[in-house]
Number of protein chains: 2
Amino acid sequence: MMSEYTKHARQRRTGNEVVHIPRYTHDNVQHLRLTLLENQLQLLAQKKKKNKSVLILINGVELAGKGEAVTQLREWVDPRYLKVLSPMAGELADNMPFWQRYATGLPANGEIVVLFGNWYADLLYTCLHSKKKSQEALATYLEHMHAFESYLNDQGVTLVKCWFDSSWSFLQKQLAELDDGQKKLVHLLDLDWSNKKEYDKIQALRKKYLSDYVVIDDEDARKRAFHLGHLVLHAIKTPTVAASPSVKKWQHAAIPYVLQHPDTHKTDKNQYKTALAKKQQQAVGLLRAHIKHAGVVIMFEGMDAAGKGGAIKRLVSAMDPREYEINNISAPSEHELQYPYLWRFWCKMPHENNLHNMGISIFDRSWYGRVLVERVEELIPDGLWQRSYEEINQFEQQLHDCGIKVIKFWLSISADEQLSRFMSRQETPYKKYKLTNDDWRNRGKWDAYLQAAADMFAHTSTDHSPWHVIATNDKRAARLQVLDAIIKHLEDK
Amino acid sequence: MMSEYTKHARQRRTGNEVVHIPRYTHDNVQHLRLTLLENQLQLLAQKKKKNKSVLILINGVELAGKGEAVTQLREWVDPRYLKVLSPMAGELADNMPFWQRYATGLPANGEIVVLFGNWYADLLYTCLHSKKKSQEALATYLEHMHAFESYLNDQGVTLVKCWFDSSWSFLQKQLAELDDGQKKLVHLLDLDWSNKKEYDKIQALRKKYLSDYVVIDDEDARKRAFHLGHLVLHAIKTPTVAASPSVKKWQHAAIPYVLQHPDTHKTDKNQYKTALAKKQQQAVGLLRAHIKHAGVVIMFEGMDAAGKGGAIKRLVSAMDPREYEINNISAPSEHELQYPYLWRFWCKMPHENNLHNMGISIFDRSWYGRVLVERVEELIPDGLWQRSYEEINQFEQQLHDCGIKVIKFWLSISADEQLSRFMSRQETPYKKYKLTNDDWRNRGKWDAYLQAAADMFAHTSTDHSPWHVIATNDKRAARLQVLDAIIKHLEDK
């Protein structure tokens, strides 16, 4: 069930504004060059203080001068902080989000990145060469792409989207001037660029899907670079989005009963052992079947000592460590802080080709830290965590749409039980390290965390990825319920 | 020409020492668990101060309990700092170093990483399934692997290499107990494990190539984990290698004539333009031909303002920015400092499947910073930079052996010419940013840098990757010579 808040999410704008391009003169080129450099160095100087970077998506027809324009741009700015990436375009994958291939290439604060190959190249490639995707599926992709870019924009990544264009006649004139060796290099998007039908098709697709691109179509290479330079300058100068205004009268969600009464009947030890073994086997079988097609994300949140580690341990004990990866999430590192908030999680999604990830990604704490610890500890303004519910929902929707299961648990514990577990940790030599001052501090904010959890359930429980709230005062019952929920989740579809 | 220093390199030991394994008792298990945890936490606490991490390579026969043992290990330690990676084994590639696939997975300081899939799995896979590699080629791979591990060890990465073994009869007994579903999962190294011939073959290969592995072959799963735990504990406790003793009477190399007299005839502007265009085209054609098979690394070192940027600009201006990547190297970030010194360069090597790299990797400054700035500024002890020549030679040899060309330039400038270029930078608005206080400071250490360069040439000029020292007082002549050298380098083979 999607929350009202999310449904009525503000529409935030992305893409290019109309940028005034001055007349091409020697003086104006010199001025552009200097201003670009100055602004780039200023961008860089502020990178620790400010989330701000520039991402330039370049697409276009063959021989329209994309490469030359970027070469010129590189000469105008300090090339150390201008990365150029150009992965080959390919078909949009069925089992991973469109951004997966590009996540590690996104700009850190202060950087400018040019992406020649990008998700739009993949989208065009898919339209041209694959019959598998329906019009609806393509429209959904486009929607996700816009939402993703809107998120980047909100996180300080300003986008520039340029389409380098040539008229049919100019393109043919250029093709005619190529020697045989050069002709072999003309294979953008695997098209035959001397075929008018293919040319028209790509133009139609461009108008349909890339309507918010700025078109650069001057026949003079110097003017194209001049145009691009101004777009980039404008992007560097565009102020980052201020934190959204906070919702002054934030509507607190009601705190679910189980959060305040996490007591359960004691489970008999022998019954538990038998049931555990059976459910483990069942869950692992279903997980193995699913990861043949797409990944699974299993995520645990809850108060300290609520049993996240124990539940994970029982879940994985019937699996092979090669089948899963456990991500224990704590505060982001300085390196990670240079990227959009969700970035470090993008890089941890299940993905068969990724050395660091296998089919099953388990999270001990997660991206929900944004609306839990960061909210309660007031690490971010109210507007920011309030907006995060929507961002998280979009992220999980993208995963869902490519078949990745997201299974979310909140392990609920009573304050008394937590205290007794803290005490036991203090007394057990190999558990002592688990208890830190933070744990005691967090305990002091018990009610604030309960409220944050309740709001989180209200705003991020969706049909495809509901929150499973599990009472854990009886650890055995809790572990069985976790397995039950996983089994049910995977059996459902 | 390999230097004497390199030829007679000290043999440094890697691999496992004999570790005493106590008797398996309940008390000893409890003791192991506690000590492991304590030592892991200590390792972590020192991560900013000390280069120390642990890399566990696990290989073995099917069903020998590798997974179970690692699951147990994960329960004993703090799992947040134990990463488990298991990429599929595959054939050793012809055009990239064996470590390429694994570089990003190596442990940072304080971390413990288990690599189930690793370069030895690839080596075994290649022996079993490919006829393409000769015995000599395989022997060379093995040598490189040992050198690489020796380097890791010297940089504070302590290795544990375990072979999990089963006798033929025990393995068959286990296979017989599997149900059909489980049998499908038994495909390690794509072998038929119920075939005695294949079993014998893998054992023979293990003895031949993995002779320095510790064999864990207990039939009791608990004892296998206990054994592994002790190996890991020993590795955590193993002190990191102290910096090698410095060579007290370091033999300074003679300073080449061109370094002190980098004057060249002025090149006529018109002749230059014609020659430049012709040579650019020739160089780009050869580069394009080469990167079909393997990558090219082109690297520039030299005093400040010697013209590195200008030479790179002329080199790439005839190329498309999608064909190359320019890496401008400055001091390592805090993140990079958590890894072996060469690590950040491993991650920047040309590699077609890498989003960040294309066929041609250009470096503006490079790994030679170790024996230039780090030596001259006394950032590291003498023993460390003295040892680096050998490490760098091994690194470049590994690249060479898989067909990657490494083309190295030192751009030589006179002190007077540098001064006049500094002055001109100060006066040109869009060049001003290039001149920093560091440049003036470095200028004060002119002679020390000259000596460091001379020693570098003497110790790292090899047959396959000689230093090209280019006089750059006349920029035009220098740029043509750079292109000439690249052309010659690529034509030679």
Completion exercise
Under the 7 Å Cα-to-Cβ spin-label approximation, A:Lys197 and B:Leu128 lie apart by a distance in nanometres of 4.9 nm
Problem - Cα-only Debye scattering, the range B:375-469: base-10 log of I(q)/I(0) at q = 0.11, 0.12, 0.19, 0.24 Å⁻¹ - result: -0.47, -0.55, -1.01, -1.20
Handout entry: Hz values of 3J(HN,Hα) by residue in the range A:152-167 - Karplus curve (6.51, -1.76, 1.60), Gly and Pro given as x
Key = 4, 4, 5, 8, x, 8, 7, 9, 10, 10, 10, 10, 8, 10, 9, 5
Problem - Alpha-carbon Rg/Rh ratio, for the range B:46-193, with Rh computed the Kirkwood way - result: 1.00
Practice task
List every residue whose amide H lies under 5 Å from the amide H of B:Thr158, counting only residues 5 or more places away in sequence or on a different chain, with H placed 1.01 Å from N in the peptide plane.
Solution key: B:Ser53, B:Val54, B:Leu55
Practice task
Could you go through the range B:435-443 in sequence order and give the Karplus-derived ³J(HN,Hα) for each residue, using 6.51 cos²θ - 1.76 cosθ + 1.60 with θ = phi - 60°, rounded to whole Hz, and x for Gly and Pro?
Solution key: 9, 10, 4, 4, 4, 5, 5, 4, 4
Handout entry: Percent of C-alpha pairs per 5 Å bin, the range A:183-313, short to long
Key = 2, 6, 6, 8, 10, 8, 7, 7, 8, 9, 8, 8, 6, 4, 2, 1, 0
Problem - Principal axis dimensions, the protein assembly as shown - Cα atoms, whole angstrom, descending - result: 94, 68, 53
Fill in the blank from the handout: log10 I(q)/I(0) for the range B:138-207, Debye formula on C-alpha points only (no solvent), q = 0.11 Å⁻¹, two decimals, reads -0.44
Exercise for the section: Can you grab the distance from the C-alpha centre of the range A:211-257 to the C-alpha centre of the range B:446-493, Å, no decimals? Expected result: 45 Å
Exercise for the section: Can you tell me the equivalent ellipsoid semi-axes for chain A? Use √(5λ) from the Cα gyration tensor, largest first, whole Å. Expected result: 48, 26, 18
Fill in the blank from the handout: With Cα coordinates, the longest principal axis of chain B makes an angle with the long axis of helix B:382-401, in degrees rounded to 10, of 80 degrees
Completion exercise
What the Cα atoms of the range B:110-242 span along the principal axes, largest first and in whole Å, is 51, 41, 22
Practice task
Using the structure shown, list the pairs from A:Lys48/B:Lys83; A:Lys83/B:Lys49; A:Lys48/A:Lys237; A:Lys445/A:Lys488; A:Lys49/B:Lys47; B:Lys48/B:Lys408 with a Cα-Cα distance above 22 Å, or answer none.
Solution key: A:Lys48/B:Lys83; A:Lys83/B:Lys49; A:Lys445/A:Lys488; A:Lys49/B:Lys47; B:Lys48/B:Lys408
Problem - Per the axis that maps chain B onto chain A, nearest residue of B (Cβ criterion) and its distance in Å - result: B:His335, 2
Fill in the blank from the handout: For the range B:232-369, shape from the Cα gyration tensor axes a ≥ b ≥ c, cut at a/c of 1.5 then a/b versus b/c, turns out oblate
Fill in the blank from the handout: Any residue on another chain or 5+ positions along whose placed amide H is under 5 Å from the amide H of B:Val114 is listed here as B:Ile56, B:Lys83, B:Val84, B:Leu85
Practice task
Tell me the distances, shortest first, between A:Met423 and the same position across the other copies, using label points 7 Å along Cα→Cβ, in nm to one decimal.
Solution key: 8.2
Practice task
For every helix of n ≥ 4 consecutive DSSP H residues, a contribution of -39,500 (n - 2.57) applies; sum these over chain B, divide by its total residues, and give [θ] at 222 nm rounded to the nearest 500 deg cm²/dmol.
Solution key: -14500 deg cm²/dmol
Practice task
Let me know the shape class of the range B:34-91, please: from the alpha-carbon gyration tensor, a ≥ b ≥ c as square roots of the eigenvalues, rounded when a/c is under 1.5, otherwise prolate if a/b is greater than b/c, or oblate.
Solution key: oblate
Completion exercise
Extend 7 Å from the Cα of B:Lys47 along its Cα-to-C-beta direction; within the range B:321-346, residues with backbone N under 14 Å of that point are B:334-340
Problem - Teacher prompt: B:Ala277 distances to equivalent labels in other copies, 7 Å Cα→Cβ, nm - result: 8.2
Exercise for the section: Calculate the dipole size of the range A:253-345 relative to its Cα centre from +1 charges on Lys and Arg beta carbons and -1 charges on Asp and Glu beta carbons; express the result in debye to the nearest 20. Expected result: 580 debye
Fill in the blank from the handout: For A:Lys237, inter-copy label-point distances (7 Å, Cα→Cβ), nm, shortest first, read 6.6
Handout entry: Whole-Å distance, taken between Cα centres, linking the range B:381-439 and the range A:313-346
Key = 38 Å
Exercise for the section: Convert each backbone phi in the range A:123-133 into a coupling constant with the Karplus relation 6.51 cos²θ - 1.76 cosθ + 1.60 (shift: θ = phi - 60°), then list the ³J(HN,Hα) values in order as whole Hz, x for Gly and Pro. Expected result: 5, 4, 4, 5, 4, 7, 10, 10, 9, 5, 8
Problem - Reach of A:Lys266 by Cα under 20 Å, taken over aspartates and glutamates that are not fewer than 8 positions away in the same chain - result: A:Asp416, A:Glu417, A:Asp474, A:Asp484
Practice task
Would you work out if the range B:84-138 is rounded, prolate or oblate? Take a ≥ b ≥ c from the square roots of the eigenvalues of the alpha-carbon gyration tensor; rounded if a/c is under 1.5, else prolate when a/b is larger than b/c, oblate otherwise.
Solution key: prolate
Exercise for the section: Rank the residues A:Cys127, B:Cys347, B:Cys162 as a footprinting-exposure proxy: fewest other Cβ atoms within 10 Å of their Cβ go first. Expected result: B:Cys347, A:Cys127, B:Cys162
Handout entry: Amide H contacts of B:Val406 (H built 1.01 Å from N, under 5 Å, at least 5 apart or other chain)
Key = B:Val297
Exercise for the section: Can you grab the distance from the C-alpha centre of the range B:111-138 to the C-alpha centre of the range A:117-174, Å, no decimals? Expected result: 40 Å
Handout entry: 12 Å tail of the calculated P(r), the range A:441-493, as % of Cα pairs
Key = 73 percent
Handout entry: At most 15 other Cβ within 10 Å, DSSP loop - GluC sites (Glu not before Pro), the range B:381-457
Key = none
Exercise for the section: Excluding B:Ala415 itself, calculate the net charge of residues whose Cβ lies under 10 Å from the Cβ of B:Ala415, where each Lys or Arg counts +1 and each Asp or Glu counts -1. Expected result: -2
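A short reminder: the numbers here are calculations on the coordinates, not readings from a lab. Just so you know, these numbers come straight off a predicted model, no measurement behind them. Heads up, the Cβs are rebuilt from the backbone with ideal geometry, glycines too, and the neighbour counts pull from every protein chain shown.
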